[in-house]
1. Arrange Arg140, Arg182 by Cβ neighbour counts within 10 Å, fewest through most, would you?
2. If you average 1/r over all unlike Cα pairs in the range 113-173 and invert the result, what Kirkwood radius do you get in angstrom?
3. Tell me, what ³J(HN,Hα) does each residue in the range 128-133 have, in order and in whole Hz, if you take phi through Karplus 6.51 cos²θ - 1.76 cosθ + 1.60 with θ = phi - 60° and put x for Gly and Pro?
4. Sorted by packing (mean other beta-carbon atoms within 10 Å per residue), highest first, where do 208-214, 219-225, 115-121 land?
5. Show me the three semi-axes of the equivalent ellipsoid for the range 95-257, from the C-alpha gyration tensor (sqrt of 5 times each eigenvalue), largest first, rounded to whole Å.
6. What does the extension gain come out to for Ala114 and Val128, with contour length at 0.36 nm per residue minus their alpha carbon separation?
7. Based on other C-beta atoms within 10 Å, arrange Trp106, Trp248 from fewest to most.
8. Please go through the residue pairs Lys176/Lys238; Lys192/Lys224; Lys94/Lys192; Lys192/Lys238; Lys151/Lys238 and name each one whose alpha carbons sit more than 20 Å apart in this structure.
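Please treat every number below as a calculation from the coordinates, not as lab data. Owing to the predicted nature of the structure, the values given are computational and were not obtained by experimental measurement. Counting neighbours? That spans all protein chains shown, and the Cβs are built from the backbone with ideal geometry, glycine included.
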Amino acid sequence: MNRHLCPCCSHPLLRHVSYKRSYWFCSQCHQEMPDIENILETQASSQHWSSQFLPGYHPPLGGWQQSEELDCSFKVSRELQHLTFLDCLTQVAKRRCFEAYLEQEWQRMAQEQASLSVILCDLDFFNVYNDTYGHQASDRCLQKVAQMILKAASHPADLVARYGFEEFIIILPQTKAEGAVRIAEEIRQGVKALQIPTNPPASQYLTTSFGVASIIPSYEYSPKMLITAAEQALHQAKEQGGDAVNSWSAARKSGVVPIP
């Protein structure tokens with residue numbers, strides 16, 4: 001059970017099991033989580049990972065009765081956690097939450113011997129865009145790209161996070177390299193279809209580059225190695241001019257996916 005930590009406060013989660021359902025509960029921040037073991041098997045909820053595991057998700061507490069004081073405390077705690085663990089501009093997870101979730105899913109995929117993929121996304125020449133159009137336009141651009149990524153990474157167990165100023169990262173549990181590449185390509189084409197004008201050195205509209213890394217976690221590797229592989233794949237895509245999806249997996253060498 002120690003591997004199940006609250007993504008908000010890192011407090012160990014308690015498991016509640018009844019004949020009707022099972023779920024996890026954080027006694028520190030008074031927040032209920034879906035049963036992590038069952039989240040990939042159930043199709044009952046269409047909510048994105050961020051609405052289930054981050055403080056925006058607030059299901060009823062079932063058999064627990066909340067006092068008025070507890071309810072008030074919960075609302076205040078919820079708002080503070082929202083500011084702490086969600087990026088205010090893009091409404092995706094912050095890097096801290098990403099790192100905690102990656103560690104959790106690494107352990108889970110290692111036990112299941114299932115693939116774990118990450119996608120690192122970078123907006124091409126975004127410093128030029130920022131200098132040309134200003135911070136407000138850059139903020140709107142980041143919001144649009146974040147929504148496009150959330151739309152593509154829609155599995156309940158997927159997590160989208162802001163990794164840097166113009167970088168996003170996606171965790172895809174139980175997803176092989178081929179599936180991750182398809183998602184990255186969907187995002188690349190989707191962002192291009194937005195036709196966000198930019199001051200080109202390379203393109204009339206804003207483009208994106210991607211580094212994809214996939215592995216079946218084991219004691220031979222570490223989450224840091226997976227991130228490093230994604231960063232290197234992204235670097236290769238950028239070196240070749242951007243607007244590309246570059247992939248790496250433990251089973252094969254990396255290669256740039258041709259752009260139609």
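1. Lowest to highest Cβ neighbour count: Arg140, Arg182.
2. Values: mean 1/r = 0.0798 Å⁻¹.
One decimal place: 12.5 Å for the Kirkwood radius.
3. Each residue's phi maps through the Karplus curve to give 5, 4, 5, 5, 7, 10 Hz.
4. Values: 208-214: 28.0, 219-225: 12.1, 115-121: 26.4.
The packing order, highest mean first, is 208-214, 115-121, 219-225.
5. On the way: eigenvalues 153, 50, 33 Å².
Output for the range 95-257: semi-axes of 28, 16, 13 Å.
6. The span from Ala114 to Val128 would gain 1.0 nm if fully extended.
7. Numbers: Trp106 21, Trp248 24.
With the fewest neighbours first, Trp106, Trp248 line up as Trp106, Trp248.
8. Exceeds cut-off: Lys176/Lys238; Lys192/Lys224; Lys94/Lys192; Lys151/Lys238.
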